[in-house]
Amino acid sequence: MAKLALHGAAPVRTKPWPQWPVYDEQDEEALTRVLRSGRWWRFAFGAGLELAEPTEGETSEVARFQQTFARMHGCAYGIATANGTGSLEMGVRAMDWDVGDEVLVPAYTYVASATCALQNNLVPVFVDVHPDTYNIDPARVEEAVTDRTRAIMLVHFGGQLADMDALGEIADRRGLAILEDAAHAHGCSWKGRPAGSFGAWSSFSFQAAKNLTAGEGGILCTNDPGLAEACESLLWSGRRIGRPWYEFHRLGWNYRLTEFQAAILNVQMTRLADQVAHRERMGRYLTERLAPIRGVRPLVRDERMTRHGYHIYMFRYDEEELGLPRARFVEALAAEGIPAFGGYAFPLYRNPMFLDKRFINGAFPLGSAYHEDLDYAAFAQKCPVSERACASEAVWLEQRMFLGSEQDMDDIAEAVARVVENRDALR
Ligand SMILES: *Cc1c(COP(=O)(O)O)cnc(C)c1O
């Protein structure tokens, strides 16, 4: 008798998983309201920028969203953008560093965490992640600092905050800025302090897969009024508040969010806290259920973190112990009704863009002769944890699954246990 769905047994699960995004008539009404208002864009340059509190009678959806989202993340200012890639680029440009300055970036992250430096003629230097959390490893950060390092770009990967105590201490001692790529960390916190409030600025994404979404979108949050003003200017193609409309002071972009997107985000915000709390309960529960299973180890949750976002739930698969390739394991899980995948196939520095150093004008940042001999392939020796996570270890589960019930989590654990027990049949 077949023991695995892959071999014809009844799968552990046939029920569909919760859908993402979640929406109802409120989202529909908000969209219609904007449509009928005829004001489809954020019509007031500089509006809301000086305001930490939502204003009475504020009718711009974008201005209202900026205020509520920023405040929820411990910041006085929020500048909404077309996407998280844009808010990262904008934030880096506003720092005004010198060509060829270095930004430390985890090797295990999405490409935008690094390209925002390159887009501003800065050099991303990759740093390995910690084996228990897949977040940038403070000990490796320390080793990577040079006299050209300006910042640590940290990513709260999967919704688990980076070690803010250790990184804050290093940044203070070495005179580095902290920049937070918080694309996975909406509504998360460390010792009660919100993700997004630790850095010079933080950047969030509202792309379709993220824990708060309008299909696309992003925001930069900060407590620094000078940075907020610089970003507002960059977002409006370099205009300056109080100056003529067609007078441009900085090299910027139009990376603005529309009123339609902000209207959806304002409705989605009313569900965010409950969704985050729910994922948190389910994530913790699944970790308990997976703990006794041989050959799989959930990432370690740092208990200083008071809110985990579980944007990605990750566990570590031990290919050596189980003697079965991860790809085969994931395939068998899928047949049992559990969609899982191995995440990034290789660390960021292995992408052709980095290996060939094909950047602006096909070369390295303008005038950065200093970095001519920088070989991105060489980061493989410095980043064994990221290498292993990509090659064989990481298994990702999507956030929407954690909007389900404890029975849904039981299905995941049962399927993992079943595949592990019957692995010999898969070899
Ligand atoms: C999604 C994401 C971003 C921003 O992506 P956009 O799709 O441009 O909104 C940045 N960093 C990380 C780690 C991400 O996952």
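Bear in mind that the values in this text are calculations on the coordinates, not laboratory data. These numbers were taken from a predicted model, which means no experiment stands behind them. Ideal geometry is used to build each Cβ from the backbone, glycine not excepted, and the neighbour counts take in all protein chains shown.
As I understand it, the value is the acute angle between the Cα axis of helix 225-235 and the longest principal axis of the Cα atoms of the chain; what does it come to in degrees, rounded to 10?
Here the helix axis deviates by roughly 90 degrees.
Calculate how steeply helix 61-72 sits against the longest principal axis of the alpha-carbon atoms of the chain, using the helix alpha-carbon long axis, and give the answer as 0 to 90 degrees to the nearest 10.
60 degrees
I'd like the Karplus ³J(HN,Hα) series for region 383-389: coefficients 6.51, -1.76, 1.60, θ = phi - 60°, whole numbers in Hz, and an x wherever there's a Gly or Pro.
My calculation for region 383-389 gives 10, x, 5, 5, 4, 5, 4 Hz in order.
On a 0 to 90 degree scale, rounded to 10, what angle separates helix 326-335 from the longest Cα axis of the chain?
Taking Cα atoms only, the helix is inclined about 80 degrees.
Could you please rank L4, L88, placing first whichever residue has the fewest other Cβ atoms within 10 Å of its Cβ?
In increasing order of surrounding Cβ atoms, one gets L4, L88.
Name the residues of region 245-262 whose amide N is less than 18 Å from a point 7 angstrom out from the Cα of L35 along the C-beta direction?
Within reach of a label on L35, which here means backbone N under 18 Å from a point 7 Å along Cα→Cβ, region 245-262 contributes 258-262.
If the reach is capped at under 16 angstrom between alpha carbons, list the aspartates and glutamates near K382, excluding any in the same chain fewer than eight residues apart.
D128, D137, E142, E143
From the backbone phi of region 308-323, what are the Karplus-calculated ³J(HN,Hα) couplings (6.51 cos²θ - 1.76 cosθ + 1.60, θ = phi - 60°) in whole Hz, Gly and Pro given as x?
Each residue's phi maps through the Karplus curve to give 9, x, 6, 4, 10, 8, 10, 10, 9, 9, 9, 4, 5, 5, 8, x Hz.
Highest first, please rank the peptides 66-74, 103-111, 253-261 by the mean number of other Cβ atoms sitting within 10 Å of their residues.
Packing order, densest peptide first, comes out as 103-111, 66-74, 253-261.
Can you find, among M90, N211, A70, the residue farthest towards the positive end of the dipole of the chain? Put +1 on the C-beta of Lys and Arg, -1 on that of Asp and Glu.
N211
In region 97-128, whose amide N lies under 17 Å from the spot 7 Å out along Cα-to-Cβ of A345? List them in ranges.
Correct set: 109-111.
For the chain, with only Lys/Arg (+1) and Asp/Glu (-1) charged at the beta-carbon, what is the dipole magnitude about the Cα centre, in debye rounded to 20?
540 debye
Using a Gaussian network for the chain with springs between C-alpha atoms less than 10 Å apart, which of these wobbles most: E387, E321, E414?
Evaluated over the chain, the most mobile residue of the options is E321.
Set the Förster distance to 51 Å, then compute FRET efficiency between D356 and Y23 from the Cβ-Cβ distance, nearest 0.05.
0.75
Using a Förster distance of 30 Å, how high is the FRET efficiency between T270 and A327, based on the Cβ-Cβ distance and rounded to 0.05?
Working from the Cβ atoms, E equals 0.15.
Can you give me the distance in nm between label points at R173 and E247, each placed 7 Å from the Cα along the Cα-to-Cβ direction?
Between R173 and E247, the simple spin-label model gives 4.8 nm.
Starting from the amide H of A151, placed 1.01 Å from N in the peptide plane, find each other amide H under 5 Å away whose residue is 5 or more places distant or on another chain.
L104, A177
At what distance in nm do the modelled label points of E406 and D96 sit from each other, each positioned 7 Å from its Cα along Cα→Cβ?
5.6 nm
Counting only DSSP beta bridges with both residues in the chain, tell me the antiparallel percent, nearest 5.
Around 60 percent of the beta bridges assigned by DSSP in the chain are antiparallel ones.
Using a 7 Å offset from the Cα along the Cα-to-Cβ direction at both H7 and Q381, what is the distance between the two label points in nm, to one decimal?
4.5 nm
Go ahead and estimate [θ] at 222 nm for the chain from helices alone: -39,500 (n - 2.57) per DSSP H run with n ≥ 4, summed, over the residue count, rounded to 500.
-10500 deg cm²/dmol
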